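Working notes for the structure below.
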Amino acid sequence: MPVPDQDSLVSVLQHKIGTVGNILPGQLGKATIQIESALNRKVIQILLENDDGACIIALTGLDLGEKIGLMYHIRTKGLVVTVKTEVSKEDPKIATITDIIPGANFHEREAADLLGVVFEGHPNLSRLVLPEDWPKDLYPLRKDAKLEGVSSKLADSQCNTQPEVKMQQSQTDSRLVNIIVGPQHPALLEPEKFSLKVDGETVMDVEPRIGYVHRGVEKAAEQRTYLQDVYLIERICGICNSCHALTFVGAVEKILKTEVPDRARYIRTIILELNRLHSHLLVLGHAGLEIGYETLFQYMWRDREPIMDLTELLTGNRVISSSMTIGGVRRDLKEEDVPKIKTQLAILRKKMDFYQNLYRNERSLKMRTQNVGILSKDDAIKLCVVGPVARASGVLTDVRKDEPYAAYGEIPFKIITRTEGDTFARLIVRLDEIDESINIIEYTLDNMPSGPYRVRVPRIVVAGEAVNRVEAPRGELFHYVKSNGTAYPERVKVRTPTFANIPAFLKTAIGGSIADVPANFVSLDPCFSCTDR
Amino acid sequence: MKSLTMWARLKSPWVLHFNSGACNGCDIEVVALLTPRYDVERFGIKLEPSPRHADVLLTTGVVTRQCAERLKRIYDQMPEPKFVVAIGACACSGGVFKGNYTVLGGVDKVVPVNAYIPGCPPKPEAIIDGVVKLLSSLESSKPEAKTSASA
Amino acid sequence: MIKRVIDFWLFFRVLVFPGFTFILFFTLFCDWVERKIEARMQNRVGPAVAGPAGILQPLADLIKLLSKEEIVPTNAKKRFFRITPVLAFSIMVFAICFLPIDGSSAISSSGFAGDLIFVMALVTIANFLLFVSGWASSNPYGAIGASRVLTQFLGYDIPLFLLALTPAFLAGNLALSVIALSQYKFIPFIILTPWAFVLFIITLQAELEKDPFDIPHAESEVVGGLETEYGGGRLAFLHLTRDVQIVLGAALVVTFFLGGPYGPVFFGFPEFWYSLWFVLKVLGVVVLTEYITCLFARLRIDQVLTANWRILLPLSIVSLALTIAMVTWVYPLVI
């Protein structure tokens, strides 16, 4: 992928936007553009004209006292550009950008939910992460929000809602039948609700209701110290916990301008790739379960266990590794563990031959996954999807190559893409990425530098803000951290890959058969604890 | 006849797994129980899809405000005799999320719990140990008694 | 006095052996065999704690379910909800009683000309009652599961019946006991018409709702299917109905193609040997169907319907025509 000339992007921005906004190069990504709130659409339009593959990564809102700050983090040509603007607290109105970038839909809803910003022209500003009976004018992310005891008061006054597990006639079209999937459903490991409107066996519409796992992590992060936050943030999701930890820690290190030792960077790479291995094996096995192929599920999870053992060997715990810390890693890699890791990886590599053969040649599997849930490349870009879902539709996006972190800049590896964009492609991309991950770990072990594995950092972090991105197994993970010179962060914003990918699922499910919904859904590799935080 | 029923109940505990707000760490360890390395089918434990079929409710994660009602409803739908096992630090007491604005706390704020299995997440061996301890505690106590004390 | 002795013998045959008790325990045993095979294919151990090698596991499941609280949902059609599981189970057991198990059927000399059609009709009625049980639970998942059961068994009944006519044609008679006996005198029909055997096994997989045709029980799509709202004793009967249907299907295969219970008698009285051969042959077929189950993924409902109407139905007609052709022209020359 061609790396854009470092200064050309900034000079283009200065040329096109310099008159209406303030360009600050090198801040919050490649550059920060400070503008008035009324110009947000114009600036985003200019960015899209410059690069029609531009996508929105996240929309950070934060309480600045008298105003509410809004930051549009845009990914253009593989780099991050932040558009900063502000609205007043009494009348927080701003124009929507969902018609220019459809993928901004969920982001604006979340800002409306948690901060009370009104996006004029948004098609549907209903609640996203907060429960339906949450008090109307209570916005949790505002500094003056009174949140004590709200939940228990709501829980006590439990209104007896009607049982929703009923075949209702849809209000809009009496032919359609409403089927509600979740919050407790064997297909979903996590509680979320999807209302499928079906006509016979064809899905006509999907309405998701997420937020069942919303635990208020972003607000809680402001009330804990940076080091306590590492333990909180990594428990956003058990499956990609190391990625969350590294993204947060990396952002803080950017604010502190810490130089992380080489050995720590390499050990971090190994832990991240082990994370990717276990996550891909998990979802490939789960895909087998969804399409009724229990034998495949059992085999894959059997072969996943050695990876959990390796994680335990390296970090002390099977799942939540707690190995990342600000300034390095907490435990060193012991020399006697290296041959053990290599042996297990060699065994896994041989087993992957069996799975490659199975996935590519097993007829019943292909019948269920080929040409199911097709996502075209244009849709993938417009909806701003990330990760293997995007790569399976032909979009070349991978943070490890776009903006290398840890040791990825020094390790040779391939990005796997396919062009079909169906469920089968999404699964094969992950299957091939497993082989690449094994290569990366072996290279890292062979070229491990010596030296310290962590450096000491001050407890109180200087004022500043930073963004950081990491390629989690599900896609691009994004954190924004702002510090105010105390031991507690001012604002932590997390944008997880599944949050960006859910609109793609809605698009691919509509028009398909209801029997395809589980396979399609699992190929998305959804992680709702990530989405809801 | 009673001892025959008790024997049958101990040898065939069917479980329902419900996540009421977890980070997935405990969930994947629960699903790992069915896989070849741990294989709880040896004990007759089957993972059931519907609350009506299950004897033991395995809950993971904190109870968020949004899930509280659903958890209670699922518990009510299960036929007697039924037991609840809270898996993980979050389900026991709220874990790292205690005090957050949508978190009610551990599972025992909503349903009575028969066994607590701490850990973050507990290893599958710990979960098996907890379930086996629950079953053997039932053997020594009266079959109809349903306590909320830990096993 | 003599009349009372005859009555006792009838009760024994119907209720104990080879009637109800034998069928029940044999079904539980087949359930254990299936679970063990599935576990071994998946690199696991399977039930191991209840009884030696877990053999008492299905019995423990049954007793546990019978001892649970009975719940009837408010919106359910109560009369149907209560009755259909037991009724479906009884009809399946009744159907097995017509098959020759130890040389003659449970109600001895109850076989009549055309009892093949009668048994197939009983199976259809029992499946229909399963559909009614899903419908009666007033649960959307129950309703979807029930409609899938209906679509599947109604569709696959036709090729099943056509394929069942093949051995009837070879034996020249529609009575099950005659079909089995003629194989003893001559040669098992599997050798004469292997194509019918293969097609029958595939169609049976669909009738029994096993992988790759087990969409009515697809947990990830329809939760519990038609069983969703059932708990306790009624669930036990629904499970038993399904398990007995598997034994019935295997027993039909044995009667049609593998010579029924008839096999070499080494010493002693023939009833013992016939029962033994019956048990072994049925177990063989159960192992075969379970093996196929473990190997494949689940098909979608439209693929299941395509497989039936576009593939199996024409093939079963071709198979029948082929059999008639072979018997009329080819076999008299060879045999």
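Things worth noting here:
- Matching entry among A:Leu24, A:Leu59 (being touching a strand residue (DSSP E or B) at 6+ places or on another chain (Cβ under 8 Å) and open to solvent by 20 Å² or more (accessible area, probe 1.4 Å)): A:Leu24
- A:Leu289 being facing another protein chain (nearest Cβ under 10 Å) and open to solvent by 10 Å² or more (accessible area, probe 1.4 Å): yes
- Subset of the range C:250-302 (residues that are modelled with pLDDT of 85 or more and small (Gly, Ala, Ser)): C:Ala250, C:Ala251, C:Gly284
- Identity of the residue in the range B:98-111, more than 22 Å from B:Ile127 (Cα to Cα) and open to solvent by 10 Å² or more (accessible area, probe 1.4 Å), that ends up farthest from the other protein chains (Cβ to nearest Cβ): B:Lys98
- Flag for A:Ser321 being more than 9 Å from every other protein chain (Cβ to nearest Cβ), among the hydroxyl-bearing types (Ser, Thr, Tyr), within 23 Å of B:Ala126 (Cβ to Cβ) and buried (at least 24 other Cβ atoms within 10 Å of the Cβ): no
So that you can scan it fast, the table gives a plain yes or no per residue for (1) assigned by TED's automatic domain parsing to the domain that holds A:Leu48; (2) out of contact with any helix residue (DSSP H, G or I) (no Cβ under 6 Å at 6 or more places or on another chain):
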position: A:Glu110; (1), (2): yes, yes
position: A:Asp113; (1), (2): yes, yes
position: A:Val129; (1), (2): no, no
position: A:Glu132; (1), (2): no, yes
position: A:Leu138; (1), (2): no, yes
position: A:Ala145; (1), (2): no, yes
position: A:Gly149; (1), (2): no, yes
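- Any hit, the range C:87-94, residues being open to solvent by less than 80 Å² (accessible area, probe 1.4 Å), more than 9 Å from chain B (Cβ to nearest Cβ), closer than 17 Å to C:Val247 by Cα and outside any helix (DSSP H, G or I): no
- Residue list for the range B:49-97, filter: part of a helix (DSSP H, G or I), hydrophobic (A, V, I, L, M, F, W, C) and either within 13 Å of chain C (Cβ to nearest Cβ) or in contact with a Gly (Cβ under 7 Å, 6 or more places away or on another chain) (or both): B:Cys67, B:Ile74, B:Ala89, B:Cys90, B:Ala91, B:Cys92
- Given (1) open to solvent by 10 Å² or more (accessible area, probe 1.4 Å); (2) among the charged types (D, E, K, R); (3) more than 18 Å from A:Glu490 (Cβ to Cβ); (4) assigned to a loop (DSSP other than H, G, I, E, B), number of the condition A:Arg265 does not satisfy: (4)
- Wholly within the range C:104-218, helices (runs of 4 or more DSSP H) carrying at least 3 residues that are at pLDDT below 80: C:140-171, C:176-185, C:189-192
- Some residue of the range A:198-218 being in contact (Cβ under 8 Å) with a residue 40 or more places away in the chain and part of a helix (DSSP H, G or I): yes
- Number of the condition not met by A:Ile441 [criteria: (1) part of a loop (DSSP other than H, G, I, E, B); (2) under 23 Å from A:Leu282 (Cβ atoms)]: (1)
- Here C:Arg242, C:Arg310 are screened, and the one residue that is open to solvent by 30 Å² or more (accessible area, probe 1.4 Å), within 30 Å of C:Asn75 (Cβ to Cβ) and among the basic types (Lys, Arg) is C:Arg242.
- In the range B:38-48, of all residues being at the interface with another protein chain (Cβ under 7 Å from one of its Cβ atoms) and touching a residue at least 24 places away in the same chain (Cβ under 8 Å), the one that is least open to solvent (accessible area, probe 1.4 Å) corresponds to B:Gly44.
- Annotation note: of A:Leu427, A:Leu431, A:Leu445, A:Leu477, the sole residue that is open to solvent by 10 Å² or more (accessible area, probe 1.4 Å) and either in contact with a Cys (Cβ under 9 Å, 6 or more places away or on another chain) or in contact (Cβ under 8 Å) with a residue 12 or more places away in the chain (or both) is A:Leu445.
- Single condition C:Leu299 does not satisfy, out of (1) assigned to a loop (DSSP other than H, G, I, E, B); (2) touching a residue at least 60 places away in the same chain (Cβ under 8 Å); (3) over 30 Å from C:Ser147 (Cβ atoms): (3)
- The number of residues in the range A:43-56 that are open to solvent by 40 Å² or more (accessible area, probe 1.4 Å) and either within 23 Å of the chain's Cα centre (by Cα) or modelled with pLDDT under 75 (or both) comes to 1.
- Among (1) open to solvent by 10 Å² or more (accessible area, probe 1.4 Å); (2) touching a His at 6+ places or on another chain (Cβ under 6 Å); (3) of a type in the set (D, E, K, R), the one test that A:Asp532 misses: (1)
- Candidates A:Asn105, A:Asn40, filtered to the one that is within 28 Å of A:Gly387 (Cα to Cα), open to solvent by 30 Å² or more (accessible area, probe 1.4 Å) and not in a strand (DSSP E or B): A:Asn105
- Test: residue in the range A:336-358 that is closer than 19 Å to A:Asp516 by Cα, assigned to a helix (DSSP H, G or I) and not hydrophobic (A, V, I, L, M, F, W, C): no
- Contacts under 6 angstrom Cβ, first residue in the range C:18-46 being away from chain A (no Cβ under 11 Å) and part of a helix (DSSP H, G or I), partner surrounded by fewer than 17 Cβ atoms within 10 Å (Cβ to Cβ) and not aromatic (Phe, Trp, Tyr), 6 or more apart: C:Trp32/C:Ile55
- Filter pass, A:Ser450 being at pLDDT 85 or above and part of a loop (DSSP other than H, G, I, E, B): yes
- Near pairs, Cβ below 9 angstrom, 6+ apart or cross-chain, from the range A:13-39 (farther than 26 Å from A:Val492 by Cα) to any residue that is charged (D, E, K, R): A:Leu13/A:Lys30; A:Lys16/A:Glu49; A:Ile17/A:Lys42; A:Val20/A:Glu36; A:Val20/A:Lys42
- Failed item in (1) open to solvent by 10 Å² or more (accessible area, probe 1.4 Å); (2) away from chain A (no Cβ under 14 Å); (3) of a type in the set (Gly, Ala, Ser), with C:Ala175 passing the rest: (1)
- Being among the aromatic types (Phe, Trp, Tyr), on the phi < 0 side of the Ramachandran plot and open to solvent by 40 Å² or more (accessible area, probe 1.4 Å) is a property that C:Phe161 has.
- Pairing each residue of the range C:272-284 that is crowded, with 21+ Cβ neighbours inside 10 Å with any residue that is charged (D, E, K, R), provided the two are 6+ apart or on different chains, yields C-beta distances under 9 Å for C:Tyr274/C:Asp102; C:Phe278/C:Asp102.
The values are calculated or read from the model by the stated rules, or taken from the named source; none is laboratory data. Here the structure is a predicted model, which means the values were calculated and not measured. Quick reminder, even Gly has a Cβ in these numbers, built from the backbone with ideal geometry, and neighbours come from all protein chains shown. In case anyone asks, the SASA skips ligands and DNA or RNA and just uses the protein heavy atoms, side chains included. Shrake-Rupley method; radii C 1.70, N 1.55, O 1.52, S 1.80 Å.
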